[in-house]
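These notes concern the structure reproduced below.
The values are calculated or read from the model by the stated rules, or taken from the named source; none is laboratory data. Bear in mind the structure is a predicted one, so any value in this text is a computation, not a measurement. All Cβ positions, glycine included, derive from the backbone under ideal geometry; neighbour counts span all protein chains shown. To get the accessible areas, we keep the full protein, side chains included, count just its heavy atoms, and leave off ligands, DNA and RNA. Shrake-Rupley method; radii C 1.70, N 1.55, O 1.52, S 1.80 Å.
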Amino acid sequence: ETTQKAATAAATISTAPKATAVEVVGTTWKRCAACHNFTDAPKVGPGLAKILGRKAGSMSNFHYKFTQYIKGKGWVWDEAHLRKWMCSSKEAIKEFTGDPDAQTKMPVQHICKPADQESVLSKLKSIS
């Protein structure tokens, strides 16, 4: 009886629908690891876990150097914002805040090619 229950449980587990995993493409995303963790833990920059859908500047465990440009003018990180940020964070901060003097500590990464951006976005989706 115990063996039959174990076999039934094993069969149930093996036939249970599996969560859909996000395929991470390319390796461009690895460039982000120089300054960011792919967890909630901060590094030079804030952790990137669950960044999609998060309000900019909202990681409570990270001190944002240029908070005045983000707080109150924050946006939600979606694919469109992330694509612009990856290409030119210095220009994106000005556009997102509407402030021509807005600044960010993050250097420009020049990740502008759609395939390279997909690499980063696929990694971010895999940890969201």
Next item on the list: Looking at (1) surrounded by fewer than 14 Cβ atoms within 10 Å (Cβ to Cβ); (2) under 24 Å from D99 (Cβ atoms); (3) modelled with pLDDT under 95, find the lone condition where D78 falls short.
Entry: (3)
Next item on the list: Name, by its number, the condition in (1) more than 16 Å from V24 (Cα to Cα); (2) open to solvent by 60 Å² or more (accessible area, probe 1.4 Å); (3) in a helix (DSSP H, G or I); (4) touching a residue at least 24 places away in the same chain (Cβ under 8 Å) that does not hold for E91.
Entry: (4)
Check: If you take the residues of region 49-75 that are touching a Ser or Thr at 6+ places or on another chain (Cβ under 8 Å) and at pLDDT 90 or above, which of them is surrounded by the fewest Cβ atoms within 10 Å (Cβ to Cβ)?
Finding: G53
Note to self: Need the failing condition index for H110 against (1) open to solvent by less than 80 Å² (accessible area, probe 1.4 Å); (2) farther than 19 Å from S126 by Cβ; (3) at pLDDT 95 or above, just the number.
What the structure shows: (1)
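Taking K105 as the residue in question, decide whether it is more than 14 Å from the chain's Cα centre (by Cα) and not in a helix (DSSP H, G or I).
yes
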Item checked: Positions within region 94-106 being open to solvent by 60 Å² or more (accessible area, probe 1.4 Å) and touching a residue at least 40 places away in the same chain (Cβ under 8 Å), in sequence order -> K105
Item checked: Condition broken by Q68, with the remaining ones in (1) in a helix (DSSP H, G or I); (2) free of Cβ contacts under 8 Å to residues at least 24 places away in the same chain; (3) closer than 26 Å to V22 by Cβ satisfied -> (3)
Margin query: Which count do you get for residues in region 117-128 that are open to solvent by less than 50 Å² (accessible area, probe 1.4 Å), in a helix (DSSP H, G or I) and of a type outside the set (S, T, Y)?
Written below: 5
Notebook entry, point to check: With I111, I127 as the choices, which residue is out of contact with any helix residue (DSSP H, G or I) (no Cβ under 9 Å at 6 or more places or on another chain), under 18 Å from C35 (Cα atoms) and of a type outside the set (S, T, Y)?
Noted result: I127
Item checked: Where a residue in region 107-123 is over 24 Å from K50 (Cβ atoms) and its partner, wherever it lies, is open to solvent by 10 Å² or more (accessible area, probe 1.4 Å), with Cβ under 6 Å and at least six apart -> V108/S88; V108/K90; C112/C87
